[in-house]
Amino acid sequence: MLEFARYEGRHRVRGSLIMAGGIAALTALYVWMFPSVEASGVDLDAYVEAFPSALVEAFGIRSLGTIEGFLAAELYAFVWVLLLGLYLAYSAASTVAGEVEDGRMDMRLSLPVSRRRIVGEKFLSLLVPIVVVNVLTPIVVYLGVVLVGESIAPADLVAVHALSIPYLLSCAALGLALSVGVDREGRAQRAALGAIFGLFMIESVVSGTDLEPVGGLSPTRYYEPSAILVDGHYDLSGAAILLGATVAIVLASQWWFARKSLE
Amino acid sequence: MSAIEIRSLTKDYGPVLANDDLTFEVEAGEVFGYLGPNGAGKTTTIRTLIGLQSPTAGTATVMGHDVRDEGELIAAKRSIGYLPANPSFDLDATGREVLDLHASIKGDERRAEILEVFDPPIDRPIREYSSGNVQKLGLVQAFMHDPELVVMDEPTSGLDPLMQSRFNEFVRAEKRAGKTIFLSSHVLSEVRRVCDRVGILRDGRLVTVERVESLLDRSGKFVRVRVVGELGADDLDLDGVHDPTANQIEAGPELSGIPDDETITEVTFTFTGDINDLLDRFGGERVLDLDLEEAPLEDVFMRFYGEDPAADRDAGTANPTAVTAEGGDDDA
């Protein structure tokens with residue numbers, strides 16, 4: 001079992017490590033910046049109050065004056081919620097559509113395996129980048145914070161990464177569905193980027209308005225790094241919703257692909 | 001039990017009817033050639049047999065399993081090898097990695113043996129492969145699990161002549177070992193060397209299914225006769241003479257001994273009748289030279305397809321011009 005997931009997962013290791021290295025460098029830069037930002041004596045919270053509420057909501061800005069609030073806004077809201085969400089949706093979008101388009105899928109499907117299994121294992125292989133970045137980054141954050149003489153609650157740090165996994169999986173599931181539904185790799189990738197970015201924007205814009213329930217469609221509603229790091233509030237039901245949605249979308253993608261005529 | 005059974009198989013792409021009510025069988029243990037020009041619909045049939053695409057109507061079974069039922073087909077695939085028209089692999093992987101993945105799922109009892117026949121550089125990334133090496137890797141994966149039935153779409157494309165003859169030899173050995181081979185081609189001379197029977201497809205329709213020998217019999221002989229005297233093409237009033245031509249020629253050095261003022265006629269035609277009738281016909285002539293050769297299969301092919309594919313097209317058939325234009329090198 002899991003031959004495809006292992007094979008594809010292996011091929012994702014190198015790229016995942018390179019990406020994790022880049023994120024580690026960015027993280028180190030943010031952490032290193034923080035003491036001088038703090039020491040400048042600028043009232044960052046007053047500065048944030050001048051922002052439009054949608055922007056504050058989009059980046060989950062609570063308090064830029066503490067290391068937790070600073071990291072939540074600069075690193076997690078931007079890199080995790082937006083960039084990694086986009087990356088996973090984009091990667092997932094190429095899994096099926098790319099192979100169908102260039103004929104590799106014909107070769108895969110000549111094997112005595114079900115189409116559901118191929119789709120399912122392709123999805124599982126995306127756990128490689130998710131796990132790699134979520135294992136390496138908290139170590140870099142923790143060491144960095146200690147090195148600059150600050151402190152951060154280890155439990156909150158672990159939680160902000162652990163709870164990002166359902167979020168990132170749901171982004172990947174969305175990309176997978178588009179990969180099955182759209183026949184051209186490039187088109188599936190663009191659709192995935194558009195979908196994640198659009199959902200991110202919708203959730204930010206509708207927040208605090210009458211349309212707020214619409215934001216419930218966006219996975220960003222269920223993962224809030226600043227709530228975890230600043231308030232120590234873990235949204236476990238949000239994580240459960242994201243996992244449930246992930247499972248539902250992956251099952252639907254499998255069902256869809258199993259019935260599709262590849263022409 | 002037939003290895004492949006195709007029943008009223010139809011695939012309608014809308015503007016193009018790629019497979020039009022096809023019915024034929026491939027017997028266990030035979031090598032069957034599926035012939036037709038590019039765009040005839042060969043790939044459509046093959047991809048349907050592997051379960052990649054669904055028929056519009058009709059169905060097919062491989063090793064007794066219905067191709068429309070994924071569960072059944074998975075069981076059949078354990079004993080099927082498949083080589084697609086343009087085999088495509090992960091470019092970053094090495095040949096070995098791909099074969100290992102295939103082996104982990106379908107087995108590789110014969111991998112080492114087949115790698116000696118077709119020898120792609122399996123430790124190099126596939127990105128660096130020539131098209132011939134990609135084709136060889138495709139052949140290795142198609143045969144390495146010792147399947148009972150191997151389905152190949154244009155298997156010799158991209159192979160150099162040496163590899164092609166090695167492939168032919170390999171296919172004949174597989175047949176002797178009792179394996180069933182179904183292969184498509186648009187080159188007849190390639191198929192006649194390995195196939196027991198051929199099915200000819202044109203514009204999605206099956207033109208004929210017959211034994212290669214009877215196809216060759218029907219194709220007849222190519223005849224060239226040189227006689228002394230004047231002879232017209234119309235003078236060959238003999239059953240089985242096709243496309244006769246007659247030309248007066250100069251007596252060359254090979255015809256020394258013939259007086260210069262003597263007329264010599266060279267007659268050429270395709271002959272499908274009885275050779276004895278032919279000899280009788282020229283019995284009264286002074287024959288200088290007589291050549292009898294097997295007609296090139298390309299000529300046979302032309303008889304089925306006609307010089308101009310548009311000329312003998314049936315009304316109501318899908319537009320073959322469009323198929324060719326859109327299909328390029330690939331079948332629709």
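The values are calculated or read from the model by the stated rules, or taken from the named source; none is laboratory data. Predicted, not measured: the structure shown is a model, and the values here were computed from it. Here Cβ is always computed from backbone atoms with ideal geometry, including for glycine, and neighbour counts include all displayed protein chains.
Look at segment A:192-221: where a residue is more than 23 Å from A:Leu163 (Cβ to Cβ) and a partner is assigned to a helix (DSSP H, G or I) and among the aromatic types (Phe, Trp, Tyr), sitting 6+ places away or on another chain with Cβ atoms under 6 Å, you get A:Leu193/A:Tyr90. Among the numbered conditions (1) farther than 18 Å from B:Asp291 by Cβ; (2) among the hydroxyl-bearing types (Ser, Thr, Tyr); (3) in contact with a helix residue (DSSP H, G or I) (Cβ under 6 Å, 6 or more places away or on another chain), the only one that B:Ser214 does not meet is (3).
Taking the criterion of being touching a Gly at 6+ places or on another chain (Cβ under 7 Å), of a type in the set (Gly, Ala, Ser) and free of Cβ contacts under 8 Å to residues at least 60 places away in the same chain, the only residue of segment B:1-45 that qualifies is B:Ser8. Among the conditions (1) within 14 Å of chain B (Cβ to nearest Cβ); (2) at pLDDT below 95, the only one that A:Arg104 does not satisfy is (2). For segment B:77-117, residues that are within 7 Å of chain A (Cβ to nearest Cβ) and either in a helix (DSSP H, G or I) or on the phi > 0 side of the Ramachandran plot (or both) total 6.
Regarding segment B:22-42, can at least one residue be identified that is closer than 20 Å to A:Val100 by Cα and within 12 Å of another protein chain (Cβ to nearest Cβ)? Checked segment B:22-42: no residue is closer than 20 Å to A:Val100 by Cα and within 12 Å of another protein chain (Cβ to nearest Cβ). If a residue has to be under 23 Å from the mean Cα position of the chain (by Cα) and more than 10 Å from chain A (Cβ to nearest Cβ) to count, how many in segment B:47-58 make the cut? Number satisfying all stated conditions: 1. Here is a check on your reading of the model: is A:Ala92 in contact (Cβ under 8 Å) with a residue 12 or more places away in the chain and within 30 Å of B:Gly51 (Cβ to Cβ)? So A:Ala92 passes the test. Could you grab me the full set of residues in segment A:223-263 that are within 14 Å of chain B (Cβ to nearest Cβ), small (Gly, Ala, Ser) and free of Cβ contacts under 8 Å to residues at least 12 places away in the same chain? Answer for segment A:223-263, where residues must be within 14 Å of chain B (Cβ to nearest Cβ), small (Gly, Ala, Ser) and free of Cβ contacts under 8 Å to residues at least 12 places away in the same chain: just A:Ser261. Scanning segment B:38-69 for residues that are buried (at least 18 other Cβ atoms within 10 Å of the Cβ) and either part of a helix (DSSP H, G or I) or of a type in the set (Lys, Arg) (or both) turns up B:Lys42, B:Thr43, B:Thr44, B:Thr45, B:Ile46, B:Arg47, B:Thr48, B:Leu49. Those helices (runs of 4 or more DSSP H) of segment B:237-332 in which 2 or more residues are more than 24 Å from B:Val212 (Cβ to Cβ) and modelled with pLDDT of 60 or more occupy B:275-281.
Please verify whether segment A:114-122 includes one or more residues that are away from every other protein chain (no Cβ under 14 Å) and within 30 Å of A:Tyr30 (Cα to Cα). No, there is no match, as no residue in segment A:114-122 is away from every other protein chain (no Cβ under 14 Å) and within 30 Å of A:Tyr30 (Cα to Cα). For B:Asp69, the conditions (1) without any contact (Cβ under 8 Å) to a residue 24 or more places away in the chain; (2) within 22 Å of B:Gly14 (Cα to Cα); (3) more than 11 Å from chain A (Cβ to nearest Cβ) are fulfilled apart from (2).
How about segment A:182-198: which of its residues are surrounded by fewer than 24 Cβ atoms within 10 Å (Cβ to Cβ) and touching a Phe, Trp or Tyr at 6+ places or on another chain (Cβ under 7 Å)? If the condition is that a residue be surrounded by fewer than 24 Cβ atoms within 10 Å (Cβ to Cβ) and touching a Phe, Trp or Tyr at 6+ places or on another chain (Cβ under 7 Å), then A:Gln189, A:Leu193 are the ones that fit. If you scan segment A:127-178, which residues turn out to be buried (at least 20 other Cβ atoms within 10 Å of the Cβ) and either among the aromatic types (Phe, Trp, Tyr) or outside any helix (DSSP H, G or I) (or both)? Within segment A:127-178, A:Ile152, A:Leu163, A:Tyr167 qualify.
Within 14 Å of another protein chain (Cβ to nearest Cβ) and either of a type in the set (Lys, Arg) or in contact (Cβ under 8 Å) with a residue 24 or more places away in the chain (or both): which single residue out of A:Leu26, A:Leu2 fits that description? Steps first, answer last, please.
Values: A:Leu26 fails: within 14 Å of another protein chain (Cβ to nearest Cβ).
Of A:Leu26, A:Leu2, the one residue that is within 14 Å of another protein chain (Cβ to nearest Cβ) and either of a type in the set (Lys, Arg) or in contact (Cβ under 8 Å) with a residue 24 or more places away in the chain (or both) is A:Leu2.
A count restricted to segment B:230-251 and to residues that are surrounded by 15 or more Cβ atoms within 10 Å (Cβ to Cβ), touching a residue at least 24 places away in the same chain (Cβ under 8 Å) and closer than 9 Å to B:Thr265 by Cβ stands at 1.
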